[in-house]
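The values are calculated or read from the model by the stated rules, or taken from the named source; none is laboratory data. Since the model is a prediction, treat every value here as computed from it, not as a measurement. Please note: Cβ atoms are built from the backbone with ideal geometry, for glycine as well, and neighbour counts cover all protein chains shown.
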Amino acid sequence: MRDLLKICLILVALTSCKKDKVPTPTPPIPTDPSGYIQYGTPYASMPATEDAVIYEVNLRAFSSTGDLQGVINRLNEIKALGVNTIWLMPIYEEGILNSVHSPYCVKDYKKVSTEYGSLEDLRTLTTLAHQLGMSVILDWVANHTSWDNTWISAHPDWYSQDAAGNIIIPPGTNWNDVADLNFNNTNMKLAMIDAMKYWVLEANVDGFRCDYADGVPFEFWQQALTALEAIPNRDLLFLAEGTRADHYTAGFDLTYGWNFYTAAKNLWAGTASITNLYNTHLAEYTNMPAGKHKIRFTTNHDESAWDASPWSLFNGKAGALAASVSTIFMGGVPLIYTGQEVGRSTTTPFFTNSPINWTINQDMLQAYKDMLAFHNESAAARKGSISNYAVSTNVLCVKKTLGTENVVIIVNVRNSNQTITIPSPLTGSWTNALTNASYTLGSTVSLTPYQYIILKN
């Protein structure tokens, strides 16, 4: 009996030892009180705001498939252009009720639309972009939702209502496909912030371009951006589609330079002066907080869809490139929009699929690559102090200086030959910034239609 008892005790001990050797699964540790898990490794090479070069991806135009995989397939091409920040237009599930097929009509803030792919596709995109040295920001639509968003039925008090209790569209708009959110509702604001955290953590994105930011109260933006910045080990970029000065106070890094865009259009159209363009730039940067900037563009999804393409607005390939020189080098953060770099001549819709032909105008593509390569290598080009030289009503001439580095930008803004007298402080030996060839700037320079010269010392 004693022997039998000993055997039993030995078997129990052996069994216990065997169990002890089986590791107990350790659940992932949430990185945020929301409970979301950090996917992948936070991007550690976010550019300083003044060093950003942003590329806006219209998914419905960027590839023949019109999805995230189409972007993944061309990440190397985006990188080769000279871009370090990718902005994806809205990728969320789109509403159907009262729909006009707008990606800005969000049905589910936490779901990738099947039109574009899956969460795993987005994760793959951010991972590969980070490996190539590019950050990825999402387009965020805070002001309104679709009429069939689950919030509508579950939380009608999260929406603005008229005196009869009917949910309304955003005041002052004709956006009948969307319902206006009520930013006096604390729970709605918390749900919105929670959804933004979801993408930062679960998809490892690097910030947001915030749609119609001027229509959303300052207090919400401050609350949301403060909460996002508090996520550990994250360096995020925030772009406001707006012009309010308090956006910078709320935490935005960038706002839109619409005034400069309008001034450039008017200059090329012959209805405004070079002085006006220069003064508009200075005005947009008056009292600009340190580290904050305007984006500079000759097009974006709204302008290309509703206004016209740069090809049309600035009079063809040469004019569009000349206009881009002014937006890239006068100051601010350059924005390139899908297809701009190959000179799509027609408008680019975003309510329907309209794939870009990437084989056209390869010389134009190379010109953009050359411009952005110099922009990226030259600190003076990106953030030097700017001086204007009134050499002609038809020729822009500015110098940018940072320390001992100087850059001169000369742009013929007219579709005709121009000859200008060069101010004596600018004459002498330079280097062509795009070719690295020696260049002597004499007392006069003759320029062909829309010709531009970029020099460095």
Q. Across region 295-318, what is the total count of residues that are among the charged types (D, E, K, R) and in contact with a strand residue (DSSP E or B) (Cβ under 6 Å, 6 or more places away or on another chain)?
A. 1
Q.
For region 260-275, give me each residue that is under 20 Å from residue 320 (Cβ atoms) and not small (Gly, Ala, Ser).
A. 260, 261, 262, 265, 266, 267, 268, 271, 274
Q: From (1) touching a strand residue (DSSP E or B) at 6+ places or on another chain (Cβ under 7 Å); (2) touching a residue at least 24 places away in the same chain (Cβ under 8 Å); (3) closer than 28 Å to residue 100 by Cβ; (4) not aliphatic (A, V, I, L, M), pick out the condition that doesn't hold for residue 244.
A: (1)
Q.
Can you list the helices (runs of 4 or more DSSP H) lying wholly within region 195-311 that have 2 or more residues being under 30 Å from residue 160 (Cα atoms)?
A. 218-229, 246-250
Q | Answer from 382, 414 - the residue that is surrounded by 12 or more Cβ atoms within 10 Å (Cβ to Cβ), at pLDDT 95 or above and part of a loop (DSSP other than H, G, I, E, B) | A | 414
**Q.** Residue count, region 418-431 (criterion: in contact with a Leu (Cβ under 7 Å, 6 or more places away or on another chain) and not in a strand (DSSP E or B))
**A.** 3
Q) If you go through region 407-419 one residue at a time, do you hit one that is closer than 25 Å to residue 282 by Cβ, among the polar types (S, T, N, Q) and in contact with a Phe, Trp or Tyr (Cβ under 8 Å, 6 or more places away or on another chain)? A) yes
Q: Please go through region 172-190 and pick out each residue that is in a helix (DSSP H, G or I) and surrounded by 15 or more Cβ atoms within 10 Å (Cβ to Cβ).
A: 188, 189
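Name the one entry in 308, 272, 283 that is free of Cβ contacts under 8 Å to residues at least 24 places away in the same chain and surrounded by fewer than 18 Cβ atoms within 10 Å (Cβ to Cβ).
Criteria check complete, one pass: 272.
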(Q) I'm trying to understand the selection: among the residues of region 47-105, which are farther than 18 Å from residue 203 by Cα and of a type in the set (Asp, Glu)? (A) 50, 51, 56, 77, 94
Q) residue 363 passes all but one of (1) within 28 Å of residue 276 (Cα to Cα); (2) not in a loop (DSSP other than H, G, I, E, B); which number fails? A) (1)
Q: Give the number of residues within region 68-107 that are without any contact (Cβ under 8 Å) to a residue 12 or more places away in the chain and under 27 Å from residue 145 (Cβ atoms).
A: 1
Q) Cβ-Cβ below 7 Å, separation at least six or inter-chain, first residue in region 206-218 and more than 12 Å from residue 85 (Cβ to Cβ) and in contact (Cβ under 8 Å) with a residue 12 or more places away in the chain, second surrounded by fewer than 24 Cβ atoms within 10 Å (Cβ to Cβ) and basic (Lys, Arg): which pairs? A) 214/244
Q) Out of all the residues in region 387-405, which are outside any loop (DSSP other than H, G, I, E, B), in contact (Cβ under 8 Å) with a residue 24 or more places away in the chain and surrounded by fewer than 18 Cβ atoms within 10 Å (Cβ to Cβ)? A) 388, 405
**Q.** Complete set of residues in region 432-457 that are among the small types (Gly, Ala, Ser) and either in contact with a helix residue (DSSP H, G or I) (Cβ under 7 Å, 6 or more places away or on another chain) or in a strand (DSSP E or B) (or both)
**A.** 433, 438, 446
(Q) Just to verify a result, which residue in region 358-379, among those that are in contact (Cβ under 8 Å) with a residue 60 or more places away in the chain and of a type in the set (Gly, Ala, Ser), is surrounded by the fewest Cβ atoms within 10 Å (Cβ to Cβ)? (A) 373
